[in-house]
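Participant: The structure that follows is given in the form of structure tokens.
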Amino acid sequence: MIFCDPLRKIRRGDKPGIKKQKGYDMKIIITGCGTVGFAICQQLIQFGHTITAVDEDSQAVTDLCNVCDVYGIEGNAADVSILRKAGAASADLLIAATSSDELNILSCIAAEKLGTKHTIARVRNPEYTGLVELVRGGKGLSLTINPELAVAKEISRMLRFPAVAKIDTFHRGRVELAEFEVAADSPICNISLFDLRRHLKMPFLVCAVYRDDHIYIPSGDFKLRAGDIIGVTVSEEEIADFFKEIGAYKKPVKDVLITGAGRITYYLLNLLKKGKIRATVIEKDHALCRELSESSNCTVICGDGTKQELLIEEGIEKVDAFLALSSDDEENAIVSLFAQAHGTKKTVTLISSLSYDTFFKSIGLETIVSQKNATAADVLRFIRSIENRDGIEIESLHRIMDERVEAIEFRVSGSVPGVTDIPLKEMKLAPGVLIACIIREEELIIPSGIDRITEGDSVIVIAEAGRISRIKNILA
Amino acid sequence: MNYRMLWRLLSIILLIEAGLLTLPLIVAAIYSEPLLPFLLTIGILIVCALPGLIRKPADSRIYSREGFLCSAGAWILMSLFGALPFVFDGAIPNYIDAFFETVSGFTTTGASILTEIESLHRGILFWRSFTHMIGGMGVLVFMLAIIPSSDGRAMNLLRAEVPGPQKGKLVPKIRQTALILYGIYLALAAIEVVALRLTGLPLYDCFINAFGTAGTGGFSVLNHSIAGYNNPAAEWVMAVFLLLFGVNFNIYFYLLARRFTEIKKNEELRVYLLIILVSCTIVTVNTIESFATVGDAIRGSVFNVLSVMSTAGFSTVDYNLWPTLSKTVLVMLMMIGGCAGSTAGGLKVSRVIILIKNAVNEIRHVLKPNSVRAIRLDGEPLGEETCRGAANYFSLYFLIACASTVLIAVFDHFDLETNLTAMLACLNNIGPGFGKVGPTGNYSGYTIFSKIVLSLDMLFGRLEIIPMILFFSPASWKKT
């Protein structure tokens, strides 16, 4: 992993330089070593946490232990003796990520009773919303994660701005962080960011640039090139204008073609209801088709989503977006490539368990979504929040540029020496850290050297993944 | 096959060895003895290690194959370089002899080719015994304890070096597991040094004997081993620590973590203690006539039984002269060895338990062909793989034992008792056997060829055969 400021380039293969902070080592129990559990585990182990993994399948445990430095226990995740063995009495956090909602809720309740400080459950069935609320009230559950819902939300955000590869929101949707590739004929090429900002006359900030496998936190004299992947923060009202100005605007999606009627499709259709997007869903399984048609008023086609004729008949060449969301990764990849070859404007591919991410990108799949990455940011945000004991809350955390860069929104509710009430130019920021924006009383400020952070502000900080867990960490 | 990473790991090991050589260097300085042998070896080690350390390979992943090859390679290299001080000093002029002595040290065997020990330099003798300390817990475990890594693949290194059929971590992190193991090891050794000092042994000898006990090695600085001290209190202290170092170190961790139920249900510990109790009784009753008093008989029997069971190989009497029953008991104990996860050698008590249960199961299976029975250890069912592993290990062990006995017999025409027990004493990391290699004899009579075979036997025994077989099979060095 490479992360550098514009003046300093670091060779490939160098260490990421994650600084381990004091008190950073948390005792975490992860139950369920499936795709999601495995991914969360791999993410957390980098930050030096002490992890115990529990799964009923001994092979799954062994596979995980062979790759990550974790303690594996074979057994039922809601078995109190197993939880005790896993150290639930003194654990800081339990993440229940098995494929069974009920088991997850049960193990969270059990762990909490045994003395685990915080619990996260993966709950996917919407029918359990009430139950979760009830359990949460009794402090049995700190957070629920729903990877499928998270993926659906991610897709629905993308459909609003087809020009971007990924878009995240901060401050209850007021600020957007868009990640997209600079096109060859774009007017923002070969002009310094300083000039670009004067030229555009709207508050925005290019906060990270990904070029030749290096990540740059650009300064004012940085010049963008075609092919760069950039992350831009801009306010919600102005994002459409911003894309119009730089000539990358694409109309919001009006119709989509979806293959696969799984849980993600179900959630996505619910989200799309508001946006007046017409959806056509192709699904092989008749019962699933029936179920979907009862809950949503989209067009449901019962057929094989891998059949070329069917896809063309349903207008794969004409729709604004094609979403391959079936449960079969290989099928999704092939069908998406087919759609791209046929000129579909936007394709989104669901890759649930395969690990060929970089390869899929290199062969041209433009947008890949996956359950395992969608919830990682939520879990990380939660963990960073419980690490913070100084009253500074983390409102949101997003990871961009292949999970290498983090954008974290802090709510500054108290004064922090060295950070609050001093002009930014006098603040001793650590290298590779950027204050992307300050939100004061619903007003978005793209900060310059004379601005200062005051109590009550929300601040969005951009930094290398894993570097920042408290606002203090931004200082050198 | 990640050659670059393997090379790097081995270079780190050599550098660690150079670091460890500073201790005998200090001892030599204290006794104003020649420092050159150590300085020269340290220099050679650093020169050999540096090229591998300059650049970190881009791909640092190691799999189980690299783990096994690394452990075998590390032990062979360490012995090859560790033999140099003996040659430079002139204590053991022949390099093969020095190699034998060093392998014997690192593998905590304690088999010696030296006939006259007391006249040698103290620094050299310190190094000779210090290799027991290094080899006891293992140098890869030491490396894991000092180098942080979040990669679970590093477990492959630990697995290849810690003896026993079941391998797991004590705590989630490998590094902490390694630190805990070393912490327990060093603390116990330190307590022993203090205890021995209280019995009136000179400080230098306290250290030497604590090293020999902690690693369950058995090198001593007197020609007559522990008998030379004529100090019953010291013998009792050492007997107690021999017993302690033959126990699985996980037990001490559970003790410190106050997880007493885990200790209570530990079958291996119970069987280990039972075997010791039974053997001590048999040997005491059997040998009582050869001792002056009953007290002497108990002390002599208990010390030597523990010394053989824990595979250290210290001696207070010449048990060559004992009745056949006692000698046979000792040979059996040689093969059983200590507990898994201890510093002892041999087959390991838990493996013997599994083998016996496996055999009983097989007989039951013949009786009722359709019955399915799980083998339990510590009350928990064992995976089929562990059972199969133990059975296969035993067949490999038997093959190696046969092959090396034949090889030794080709050039050396000693009696069968000598040859057979020499092989057993080396393969099980005890040291002295019976006959000409008994407590009063040594291995200097063997030809160079047999010494190499026996050196390899010691390495086979310490690393539990498989890493060494992999190291010498061309298939494991292929690229894919």
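Participant: Just add up the charged neighbours of A:Ala226: K/R +1, D/E -1, any other residue whose Cβ is under 9 Å from the Cβ of A:Ala226.
Facilitator: On the way: positive: A:Arg225; negative: A:Glu181, A:Asp185, A:Asp228.
Spelling it out: positives minus negatives among the neighbours equals -2.
Participant: Show me you know the interface measure: the accessible area buried between B and A, both chains summed, probe 1.4 Å, in Å² to the nearest 100.
Facilitator: Numbers: alone 19800 and 21140 Å², together 39740 Å².
Roughly 1200 Å² of accessible surface disappears when B and A pair.
Participant: Determine the per residue accessible area of chain B with all protein chains present and a 1.4 angstrom probe, expressed in square angstrom. Let's see the in-between values first.
Facilitator: Numbers: 19200 Å² over 480 residues.
On a per-residue basis, chain B sits at 40 Å².
Participant: Related question: Using a Förster distance of 56 angstrom, determine the FRET efficiency expected from the C-beta separation of B:Leu255 and A:Lys284, and round it to 0.05. Could the numbers behind the result be given before it?
Facilitator: Numbers: r = 60 Å, r/R0 = 1.06.
Computed FRET efficiency for B:Leu255 and A:Lys284: 0.40.
Participant: Tell me the carbon and sulfur percent of the accessible area for the protein assembly as shown, rounded to whole percent, probe radius 1.4 Å. Intermediate values should be presented prior to the final figure.
Facilitator: On the way: 23280 of 39740 Å².
The computed percentage sits at 59.
Participant: A further question follows. Please report the equivalent ellipsoid semi-axes of the protein assembly as shown, computed as sqrt(5 x eigenvalue) of the Cα gyration tensor, largest first, in whole Å. It would help to have the intermediate numbers written out before the result.
Facilitator: Details: eigenvalues 822, 200, 131 Å².
Three semi-axes, in Å: 64, 32, 26.
Participant: Taking the Cα atoms of chain B alone, what are Rg (to one decimal) and Dmax (as a whole number) in Å?
Facilitator: 21.6, 73
Participant: Here is a follow-up. Once the cut-off is 18 Å, how many percent of the Cα-Cα pairs in the range A:27-145 end up in the long-distance tail?
Facilitator: On the way: 2996 of 7021 pairs.
Distances greater than 18 Å cover 43 percent of the Cα pairs.
Participant: So which residues in the range B:113-150 end up with at least 40 square angstrom less accessible surface once the other protein chains are there, compared with the chain by itself, probe 1.4 angstrom?
Facilitator: Those are B:Ser150, which lose 40 Å² or more relative to the chain on its own.
Participant: Find the all-direction average of the projected area of the Cα convex hull for the range A:255-344, expressing the result in square nanometres with one decimal place.
Facilitator: Details: hull surface 20.1 nm².
Directional mean of the projected Cα hull area for the range A:255-344 stands at 5.0 nm².
Participant: Can you pull the percent of Cα pairs in the range A:383-474 with separation above 15 Å? Intermediate values should be presented prior to the final figure.
Facilitator: Values: 2353 of 4186 pairs.
Across the range A:383-474, Cα pairs with separations above 15 Å total 56 percent.
Participant: Here's something else I'd like to know. Return the inverse of the average 1/r over all pairs of distinct C-alpha atoms in chain A, which is the Kirkwood hydrodynamic radius, in Å to one decimal. Show your work: numbers first, answer last.
Facilitator: On the way: mean 1/r = 0.0424 Å⁻¹.
Mean inverse Cα-Cα distance, inverted, gives 23.6 Å.
Participant: For the range B:333-467, state the semi-axes of the equivalent ellipsoid (square roots of 5 times the eigenvalues of the alpha-carbon gyration tensor), sorted largest first and rounded to whole angstrom. Please list the in-between numbers first.
Facilitator: On the way: eigenvalues 228, 44, 31 Å².
Working from the Cα gyration tensor, I get semi-axes of 34, 15, 12 Å.
Participant: Hey, another quick one. Need the per-residue list for the range A:43-65: every residue with at least 20 Å² less accessible surface in the complex of protein chains than in the chain by itself, probe 1.4 Å, sorted by number.
Facilitator: Buried on complex formation: A:Ile45, A:Thr50, A:Cys65.
Participant: Report the convex hull volume per residue for the range A:57-110, counting only C-alpha atoms, in Å³.
Facilitator: Values: hull volume 4.5 nm³, N = 54.
Taking only Cα atoms, the range A:57-110 has a hull volume of 83 Å³ per residue.
Participant: Once phi is turned into θ = phi - 60°, what whole-Hz ³J(HN,Hα) does the Karplus curve with 6.51, -1.76 and 1.60 give for every residue of the range B:253-266, x standing for Gly and Pro?
Facilitator: Coupling constants for the range B:253-266: 5, 4, 5, 5, 7, 6, 9, 5, 4, 5, 6, 4, 8, 6 Hz.
Participant: While we're looking at this one, here's another question. Across the range A:236-249, in residue order, what do the Karplus-derived ³J(HN,Hα) couplings come to in whole Hz, using 6.51 cos²θ - 1.76 cosθ + 1.60 with θ = phi - 60° and x for Gly and Pro?
Facilitator: Calculated HN-Hα couplings, in order: 4, 5, 9, 4, 5, 4, 4, 5, 4, 4, 8, x, 10, 6 Hz.
Participant: Please work out the FRET efficiency for the pair A:Lys274 and A:Glu366, using the Cβ-Cβ distance as r and a Förster radius of 25 Å; give the result to the nearest 0.05. Walk me through the intermediate numbers first.
Facilitator: Details: r = 25 Å, r/R0 = 0.99.
Efficiency at R0 = 25 Å is approximately 0.50.
Participant: At what distance in nm do the modelled label points of B:Val171 and A:Lys153 sit from each other, each positioned 7 Å from its Cα along Cα→Cβ?
Facilitator: Reported label-point gap for B:Val171 and A:Lys153 is 3.6 nm.
Participant: Please give the average number of partner chain Cβ atoms lying within 10 Å of the Cβ of each residue in A:66-73, rounded to a whole number.
Facilitator: 6
Participant: Taking a probe of 1.4 Å, how large is the accessible area per residue of the range A:255-344, in Å²?
Facilitator: Values: 4370 Å² over 90 residues.
Normalised by residue count, the accessible surface of the range A:255-344 is 49 Å².
Participant: Right, next: Mind jotting down a quarter of the surface of the convex hull over the alpha carbons of the range B:6-61, in square nanometres, one decimal?
Facilitator: Convex hull of Cα atoms, orientation-averaged projection: 3.8 nm².
Participant: As a test of the formula, what do you get for chain A when each DSSP H run with n ≥ 4 contributes -39,500 (n - 2.57) and the sum is divided by the residue count, at 222 nm and rounded to the nearest 500 deg cm²/dmol? Walk me through the intermediate numbers first.
Facilitator: Details: 14 runs with 141 residues, N = 476.
One gets -8500 deg cm²/dmol as the mean residue ellipticity at 222 nm.
Participant: Between B:Thr293 and B:Thr199, what FRET efficiency follows from the Cβ-Cβ distance if R0 is 22 Å, with the result rounded to 0.05?
Facilitator: Values: r = 20 Å, r/R0 = 0.89.
FRET efficiency, B:Thr293 to B:Thr199: 0.65.
Participant: Roughly how many Å² is the accessible area per residue of the range A:27-145, as a whole number, for a 1.4 Å probe? Numbers along the way, then the final one.
Facilitator: On the way: 4540 Å² over 119 residues.
Per-residue accessible area for the range A:27-145 comes out at 38 Å².
Participant: So what is the diffusion coefficient of the range A:285-408 in µm² per second by Stokes-Einstein at 37 °C and 0.692 mPa s, using a Kirkwood Rh over Cα pairs? Display every interim value, and only then the final one.
Facilitator: On the way: Rh = 16.9 Å.
So the translational diffusion coefficient is about 194 µm²/s.
Participant: Here's something else I'd like to know. Report the equivalent ellipsoid semi-axes for the range B:60-196 in whole Å, largest first, defined as the square roots of five times the eigenvalues of the gyration tensor built from alpha carbon atoms. Write out the running numbers ahead of the final one.
Facilitator: Numbers: eigenvalues 184, 70, 25 Å².
Rounded to whole Å, the semi-axes are 30, 19, 11.
The values are calculated or read from the model by the stated rules, or taken from the named source; none is laboratory data. Values in this document were obtained by computation on a predicted structure and should not be read as measured data. All Cβ positions, glycine included, derive from the backbone under ideal geometry; neighbour counts span all protein chains shown. For accessibility, only protein heavy atoms count, side chains too; no ligands or nucleic acids. Shrake-Rupley method; radii C 1.70, N 1.55, O 1.52, S 1.80 Å.
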